[in-house]
Every structure is written in structure tokens, then in C-alpha cells.
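Asks: First, the structure itself, so that you have it in front of you.
What follows is calculated from the coordinates using simple rules that are stated; it is not laboratory data. What you see is a predicted model; the values in this text were computed from it and never measured. Don't worry about glycine lacking a Cβ; one is built from the backbone with ideal geometry, like all the others, and counts go over all protein chains shown.
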Amino acid sequence: MRGAVMFGPGDVRVVERDEPRIVEATDAIIRVSAACVCGSDLWPYRGVEEMQWPAPMGHEYAGIVEDVGPAVEMITPGQFVVGSFWASDNACEICRAGYQSACVNRVPMGALGAQAELLRVPLADGTLVATPDLPEDDLIPSLLAASDVLGTGWFGAVAAEVGPGTTVAVVGDGAVGLLAVLAARELGAERIIAMSRPEPRQRIAREYGATDIVEERGDDGVARIKELTSGLGAHSVIEAVGTQESMMQAIHAARPGGHVGFVGVAHDVALPAMDLFWSLVHLHGGPAPVRRFLPELVDLIWNRQIDPGKVFDLELPLDEAQAGYEAMDGRTAIKVLLHP
Ligand SMILES: [Zn+2]
């Protein structure tokens, strides 16, 4: 089968890979209907994050079940399924508390390489959520978005305690940031301030429910948020970048007693304890337990109440994965969908 493999920074090739087989009795094999490039794939692509090369790439997936192991009971061949970037049993104490991304039996899907024609999904019953029927083609991008970026943006909003009547600020205008705007709207936020500069991203942010746009960054961005909130700061801030600047911007943009949900994968971020001390904000974040939200998100997509697939502004055949990485690295695309 064909699959994308990163051979080193800046070097993604689609090559012939061994077809995955059932290894554990709890595995499923799915035929990937759509895969995509993640913002987090750009960290190794840019050489910022070390990896063991060559590395199969991709951790977001939606597709049709081809085969299941003998211990799989709920998932059956022929179903269309979506899963998270962590395989999880959805049964251990941590999973039952809603933190499936820290499941005691978790398996990282990125190591299995979802940018491919076929994918082995461990812990199939716990990991996968099936749609009621085979989806129409136009729903597939949105269902794929649920696998990571929507689920991650949603967790950011939940971690930031977004609720009815709140004022929310979103730091980051990648796919996760834009979908955090959508999540904030769905969770009842009254005012949603998106921090973004490029016009196409501002437009999607507004379509997803942003009421205000702030183009400034850093301290200037914080000052604008304060201006827009009677000097107080936002109730909820979602951080979806993962840099020192974005993290400090998020903490400083929250009001005392406010909540920051951080879902950008933090790289070289050091939090000054005195800033935290005086800020009086709550911090919660990490790798999103997407599985917690998947049934609800799949339902909202299936009933066409939300359209997170709009963040895919470039679709390419899997064989052109390298071009997809380049487009996201150069920010000419928000998110790239790959057709195996
Ligand atoms: Zn678990």
C-alpha cells in the first residue's frame, strides 16, 4: 500500500509500505477514506522536533472498517468510523474520567501512520466511533476534522470553561484555533474574539461565530482584549499555538479567576511563576481527549449542525503529500486533506 513517510526535515515521500495486519485481538484495519496533515506534523518537518527517521506520518483518520480482530465486539467490517489520534480502551479509570488521551493502555496513532491507504487501529472498540450509516462524500472532511482538530479545539473550549454568556478569546488561527471558535459558539459563548491576521482565516473565524477580530499580537494583542472587555480580560482563553508568546498572550488575556485552555503542543515554553501567581487564572490543557467528545461531534456533523470540514482549504491526492506539507509550512493552506 501507499503511505507517507518522513525521511528527515522537509522530506516527505509517499512510498510502498507493508499492509497493516491484525496484530492484537482488539485491532481493526480500516481503509482510510481521507487523511490530512496536522499542524503538529510541521514540528518534525521543520526540524524543531527530533524523530526516528524514517517515520510513517499521520494521526488523523476516517474510513471504512475492513477487518477486525477476534476480541472486537462493537466495531464491524463495513462501518464508517472516526477515531482519535490516541487509541484508547475507553474503559480504564482515566478513560472513564474523560481523559482518554492518557489512557493507561493508550497507543499513539502517529506511530502507525494514518497518511496511508490502510491503517491498523488498536483497541478498536474503545477508539472508534461509527457513523449511523455510510456518509455522503461532502460529510467526510468534517468527520475527518473530528479526529483531531475539531476535538482538540472543543477540548480547548471545555478546558477554558466556555459556557453560556462568557467572553472568549482564541489565540491561534490554525485549524484548531478556528474550530475552537466554532466550539465556543456551540457551547454558548456570548462574545468570541479571534486573534488572526490573514483575511481568509478571519472570514472563516467569523463564519464560525467570532464576534470580534484582533490582529495585534503579544502585549499589544493583550491590550486590545482588555480594551474589548472593560479592562478585565476574557473569561475563557483558548491557546492553540504552543509558543512562549502565544502562551503568555493567553494567560495575560484572561481575567482574574478566568480559565485558559491550552491545546497547542508546547515547544520551549517556560511559564514565569510570578506571572502565574499574580494572574489568578486557571490553566488546563494538554493532548485533547478527543474520544470523550467524538460521539457528540459525530452526531452534530451527521445532522449537519456544524461544518468543521471548512478548514480544509486544499485537497490533494495522497501521492502529493509533500506539496501538502509545503503549503501548510508556508501558511498558504490552513489544512490539507489527502485522498488515499
Ligand atoms: Zn483507558
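Asks: Out of all the residues in the stretch 177-188, is one or more surrounded by fewer than 24 Cβ atoms within 10 Å (Cβ to Cβ), closer than 17 Å to A234 by Cα and either touching a strand residue (DSSP E or B) at 6+ places or on another chain (Cβ under 6 Å) or β-branched (V, I, T) (or both)?
Replies: Scanning the stretch 177-188 turns up no residue that is surrounded by fewer than 24 Cβ atoms within 10 Å (Cβ to Cβ), closer than 17 Å to A234 by Cα and either touching a strand residue (DSSP E or B) at 6+ places or on another chain (Cβ under 6 Å) or β-branched (V, I, T) (or both).
Asks: Hey, another quick one. Do you know which residues across the stretch 142-173 are crowded, with 24+ Cβ neighbours inside 10 Å and assigned to a loop (DSSP other than H, G, I, E, B)?
Replies: D148, A160, V162, G172, D173
Asks: Among the residues that make up the stretch 101-119, is at least one of them closer than 25 Å to M1 by Cβ, touching a residue at least 12 places away in the same chain (Cβ under 8 Å) and of a type in the set (S, T, Y)?
Replies: No, every residue in the stretch 101-119 fails to be closer than 25 Å to M1 by Cβ, touching a residue at least 12 places away in the same chain (Cβ under 8 Å) and of a type in the set (S, T, Y).
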